[in-house]
Amino acid sequence: MKENKDFSVSCPIPIERYPQILMAHGGGGKLMHQLIEGMFVPTFGNAMLNVRHDAATMNLQGGRFAFTTDSYVVQPLFFPGGDIGSLAVNGTVNDLAMAGSRPLYLSAGFILEEGLLMETLWRVVQSMQQAAQKAKVQIITGDTKVVERGKGDGIFINTAGIGRVEHTQPCLAGAEIAPQRVQPGDVLLLNGDIGRHGMAIMAVREGLAFENTIESDSAPLASLVLELLAEGITIHCMRDLTRGGLASALNEIAEAAGITITMDESRIPVREDVQGACEILGLDPLYVANEGRFIAFVPEAEGERALAILRSDPLGAEACIIGRVEAKQSALVTMRNRIGTRRIIDMLSGEQLPRIC
């Protein structure tokens, strides 16, 4: 019998361990990382995808552009500080901004469940339009599908976006701003307190009442990023802190760049009510999702100037330098705690907060 040389019995992921998709495969931690690195990247791998950034950048006739896509399945649909509609716009705008582009156009795909109240859909659509106007983008195309009652959980939204890269930073591996550009000596900037989005969702789900309502930090970040670039700040890499939070984002960058990152716990801002909610639920704020927070790696010599620019904007009023890149030898993230010892900050193993975005 003729041998079929195209046949392979190997599998890109260890199916003997995970024969089915788990909720944790979408949680921004180790299982999601293994799924992406073990299945999607080997299958679809190309120069742009292999950069492993929030958005792909490419040369098209007339300029350089960034392109991204995301899907939103958050529950509940409405939460303090936002809803699934504004979240879908802000999340996609922010992914484009992390590539150093000016967001221009979005698509919107709706998967609706039979029986959804038309009033609910109207509120979501109106919220999306208001968020788009605030972010200075237009929703120019879309799609609508309806599934049977009980099979859609209300509304799922997919958005894709395109933006124009307007700065002229050096290009590496097809991306001007990418994990591979991070260098030893870079300082790590954070634009504000962490953990609010995840705790806003969980407080509603769990019926937790606090003296003050915890509101999501959901917001478009493009104007803040573009201001840094307009002022000539050299940005080596940026990442918005969504699923998996600050810890997962730093681990992803450390692995892609082969670097060691050290943070200082005393410099990381966490609101008292958010810290309290995390303690009640047994969560670590470092791993809790945000929707209006990002990190930026810049040369140490430009750190203070970048910090001043961030603090001049309401979305960066609490910006701070929380750490630095120590070495380019091993993929590792550590944190110096308040008593002076260090601990390793690993990628999240399981699923802390399902359906958070």
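FYI, it's all coordinate maths here, none of it is from the lab. Just so it is clear, the model here is predicted, and its values are computed rather than measured. For neighbour counting, all protein chains shown are included, and Cβ atoms are generated from backbone atoms with ideal geometry for every residue, glycine included.
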Original post:
What's the local net charge at Ile259, with K and R +1, D and E -1, over the other residues with C-beta under 10 Å away?
Top reply: -2
Original post:
Rounded, prolate or oblate: which fits the range 54-165, taking a ≥ b ≥ c as square roots of the Cα gyration tensor eigenvalues, rounded meaning a/c under 1.5, else prolate when a/b beats b/c?
Top reply: prolate
**OP:** Work out which GluC sites (Glu not before Pro) in the chain are exposed loop sites (DSSP not H, G, I, E or B, at most 16 other Cβ within 10 Å) and give the longest gap free of them.
**Re:** 17-113
**OP:** Report, in deg cm²/dmol and to the nearest 500, the calculated mean residue ellipticity at 222 nm for the chain, where each DSSP H run with n ≥ 4 adds -39500 (n - 2.57) and the sum is divided by the residue count.
**Re:** -8000 deg cm²/dmol
Original post:
Where does the charge balance sit around Ser101 when Lys and Arg score +1, Asp and Glu -1, over other residues with C-beta under 10 Å from its C-beta?
Top reply: 0
Original post:
Shape of the chain from its Cα gyration tensor (a ≥ b ≥ c, root eigenvalues): rounded if a/c is under 1.5, otherwise prolate when a/b > b/c, or oblate?
Top reply: rounded
**OP:** Run the quick spin-label model on Asp153 and Gln126: label points 7 Å from Cα toward the beta carbon, then report their separation in nm to one decimal.
**Re:** 2.6
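Which length gain, in nm to one decimal place, applies between Arg305 and Leu117 when the Cα-Cα distance is subtracted from 0.36 nm times their residue separation?
Working: separation 188, 0.36 × 188 = 67.68 nm, distance 4.97 nm.
This chain segment gains 62.7 nm when fully extended.
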**OP:** State the antiparallel share, in %, of DSSP beta bridges confined to the chain, rounding to the nearest 5.
**Re:** 75
**OP:** Count the net charge of all other residues whose Cβ sits under 12 Å from the Cβ of Met58, scoring Lys and Arg as +1 and Asp and Glu as -1.
**Re:** +1
